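Student: Following this message is one structure expressed as structure tokens.
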Amino acid sequence: MRTLEQRGADPCRPVTPEEVAHYREFGWTKLDGFVHAATVETLLRIARDRMGDDGDSNDAYGVDQPYFNAEQGGGLTVPDVRVLIDRIGRGAGALMSRKGEVGVRYFSDFFAPKLPSSRKTRNAGNGPTSFHQDFITFAVDRSGGMTFWIALEDFGPESGTMSFVNRSHRAGVLGSYHTYGAGDALDVFPELRDLEMSAPMHYRAGDVTVHSHLTVHGAGANTTDRPRWAYLVLVQPADVCWNGAPPEAFDTTGMQPNQRLDGDGFPLIG
Ligand SMILES: O=C(O)CCC(=O)C(=O)O
């Protein structure tokens, strides 16, 4: 079959100036109808092939946690997904408020079905997403990174969709969720409760939310009987470096602290 590029078809639409303005003000934005149906279908097929229809038949990914069951996306090597990742890079360039020709670097991509809370699961992933900030878990030396969170089916709050703490991207670095004990970021930093919180999201397949890695977000459990299928693409500013801390998100074999994330693993995409 010919690839999207060979057919001259786009995997997604551009990000609009209104969506950029919302992201800068609130730390997140929603891109309705961003990924086109053919690409959503491709992603869902890959996800189900790898993880099963129950979203839980894959081998363990290495990080068992309640938020979702994870499986590597490998999208850089799949032509129809790579073209989406490149277009996400372009969109992220518009959202990132860096001056000059800094550019955007791919960081990671993975599938993240939240599994039904009523089922006993093989790979965890069937709980709520406690309110947290992503930044510190990535062991990078500068902010600017963001996540494109892509819904692969229609679903709403009953499936455990995210809410965002508006303007929390201006609250500074709030530590790792591993340090919060039984609480979450809202308990440890109660001043976050003075900020507004968005309602939990409703998504149609192909809708995307983008959140800054400094924006606090969380989600309820999936109370339905189906997996909440999502595909995530994470990007960083092109000049990002490893800060030397043990990272949860990438392999530092052969790397030195303060080294730029470059090479084949972290290509420039925008
Ligand atoms: O999918 C979820 O429930 C949480 C996702 C998340 O924490 C993230 O994208 O940073």
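Student: Among 149, 242, which comes first, second and so on when ranked by fewest other beta-carbon atoms within 10 Å?
Tutor: 242, 149
Student: Now for a separate question. Hey, for a label at residue 102 modelled as a point 7 Å past Cα toward Cβ, could you say which residues of the stretch 150-188 have their backbone N under 19 Å away?
Tutor: Inside the label zone: 167-174.
Student: Taking springs between alpha-carbon atoms closer than 10 angstrom, which of 69, 258, 222 fluctuates most in the Gaussian network model of the chain?
Tutor: 258
Student: Can you give the extra length, in nm with one decimal, that the chain gains between residue 258 and residue 188 once fully stretched, where that is 0.36 nm per residue apart less the Cα-Cα distance?
Tutor: The residue 258-residue 188 span can extend by a further 22.2 nm.
Student: Against the empirical 2.2 N^0.38 Å scaling, what ratio does the C-alpha Rg of the stretch 17-237 come to?
Tutor: Against the compact-globule rule of thumb, the ratio is 0.96.
Student: Sort 150, 46, 269 so that the residue with the fewest other Cβ atoms within 10 Å of its own Cβ comes first and the one with the most comes last.
Tutor: 46, 269, 150
Student: List the residues of the stretch 135-152 whose backbone N lies under 18 Å from a point placed 7 Å from the Cα of residue 245 along the Cα-to-Cβ direction.
Tutor: What the label zone holds, given the 18 Å backbone N cut-off, is 135-147.
Student: Another one. Could you state, as a whole-number percent, how many of the C-alpha pairs of the stretch 108-171 are farther apart than 18 Å?
Tutor: Summing the P(r) of the stretch 108-171 above 18 Å gives 51 percent of all pairs.
Student: Continuing with this model, one more query. For 241, 12, what ranking results if the residue with the fewest other Cβ atoms within 10 Å of its Cβ goes first?
Tutor: 241, 12
Student: Ok, one more. How far apart, in nanometres, would the label points at residue 119 and residue 54 be if each is projected 7 angstrom from Cα along the Cα-to-Cβ direction?
Tutor: Calculated label separation equals 0.6 nm.
Computed from the coordinates by the stated procedures, all read-outs in this text should not be read as laboratory data. All of these numbers come straight from a predicted model, not from anything done at the bench. Don't worry about glycine lacking a Cβ; one is built from the backbone with ideal geometry, like all the others, and counts go over all protein chains shown.
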